[in-house]
Amino acid sequence: MKKLFILLVSFILHNAVFATIPEAEKKALIDFYTSTNGLDWNKSWDLSKDAATWYGVEIKDNHVISLHLVDNNLNGTLPNSLGALDKLQVLNLAFNLLEGEVPSSVFKLKKLMVLRLGKNKLTGNIPNEIGDLKNLVILDFFSNQLSGILPRSIGTLKNLKVLLISDNNITGRIPEEIGALIHLERFEIADNNIYGDVPVNFGLLSNLKMLVLSENRLSGEFPSVIFSLPNLKALQIQKNLFDQEHLLNSIPTETDLALLDFDNDKNLSDRKNFKDIYRSGDTRMADTIFEEDKENK
């Protein structure tokens, strides 16, 4: 009887550690492994073992909830079967060599809170369907080869705190709808081909800490109300086409900004590359996030 009890406990513990995920989710992970040359990853998977043991895979209640493979030499394309991971909350594949378009199925993962694909070689547009990811807190497409415009549907992501799209080929105007994202802390669209005015309603983004708009074709009068945002610490707007006279007259004599970078400035701050801003820890948030950025490797 004692031996039977020990066997029963061992069986329960084994199944608690090696949780069984649905076959469709396991297939999606294997497709992902194959499509991104898993054998060449820095930390690869032993496909003969349970998925719960695979590096970067987090499982809860027998479903994959996180795929976290930052700076792991992923090389290839993302398979459409990723859409089978319908309980996924975190997809963090930043600092890799991924190519091609982001599969449409990724924008159907309604539970996603973190979508980090920065520092890859991805192409294509940001689709309107991005607005369907209502739980997103972080959206990171920094330093890829994306084109097209910023869809207005981004303005429906009411939980968004971080939006990073710098260093791409994005064109068009900044959607006014983004000015309604009241929880936004970090907005970066530097080094694109974005033109037109900065929406005045950005002055309502009271939680904004970083605003990086440099190296675009933005023009007109920069909204002076932005200088009064209570939490703003970093503002980069250099290399645009703003009305310089209005801008110079709008900058307050005293400011709490730690970084203020604009054309023709008079040493108000030390210049800092927006790629360094991308890696800044000033907007770290628990459970989301920047703790495995490449500079911490």
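The values are calculated or read from the model by the stated rules, or taken from the named source; none is laboratory data. All values derive from a computational prediction rather than experimental measurement. Note that each Cβ is placed from the backbone with ideal geometry, even for glycine, and that neighbours are counted across all protein chains shown.
Just a few scattered comments:
- Of residues in region 162-196 being in a helix (DSSP H, G or I) and among the hydrophobic types (A, V, I, L, M, F, W, C), the one nearest to the chain's Cα centre (by Cα): 178
- Checklist (1) under 14 Å from residue 35 (Cβ atoms); (2) crowded, with 17+ Cβ neighbours inside 10 Å applied to residue 101, failing item: (2)
- Number of residues in region 197-219 that are more than 17 Å from the chain's Cα centre (by Cα) and either closer than 23 Å to residue 120 by Cβ or crowded, with 21+ Cβ neighbours inside 10 Å (or both) equals 7.
- For region 224-237, a tally of residues being in a loop (DSSP other than H, G, I, E, B) and either among the aliphatic types (A, V, I, L, M) or surrounded by fewer than 17 Cβ atoms within 10 Å (Cβ to Cβ) (or both) returns 5.
- Some residue of region 258-269 being under 30 Å from residue 58 (Cβ atoms), surrounded by fewer than 19 Cβ atoms within 10 Å (Cβ to Cβ), out of contact with any Phe, Trp or Tyr (no Cβ under 6 Å at 6 or more places or on another chain) and modelled with pLDDT under 80: no
- Members of region 238-247 that are of a type outside the set (S, T, N, Q) and either buried (at least 16 other Cβ atoms within 10 Å of the Cβ) or touching a residue at least 12 places away in the same chain (Cβ under 8 Å) (or both): 239, 241, 242, 243, 246, 247
- Cβ-Cβ contacts under 6 Å between residues 6 or more apart (or on different chains), taken from a first residue in region 222-235 that is within 11 Å of residue 205 (Cα to Cα) to a second residue that is of a type in the set (D, E, K, R), are listed as 231/209.
- Subset of region 202-223 (residues that are touching a strand residue (DSSP E or B) at 6+ places or on another chain (Cβ under 6 Å), within 18 Å of residue 252 (Cβ to Cβ) and not in a loop (DSSP other than H, G, I, E, B)): 211
- Of the residues 134, 43, the single one that is among the charged types (D, E, K, R), surrounded by fewer than 17 Cβ atoms within 10 Å (Cβ to Cβ) and more than 30 Å from residue 213 (Cβ to Cβ) is 43.
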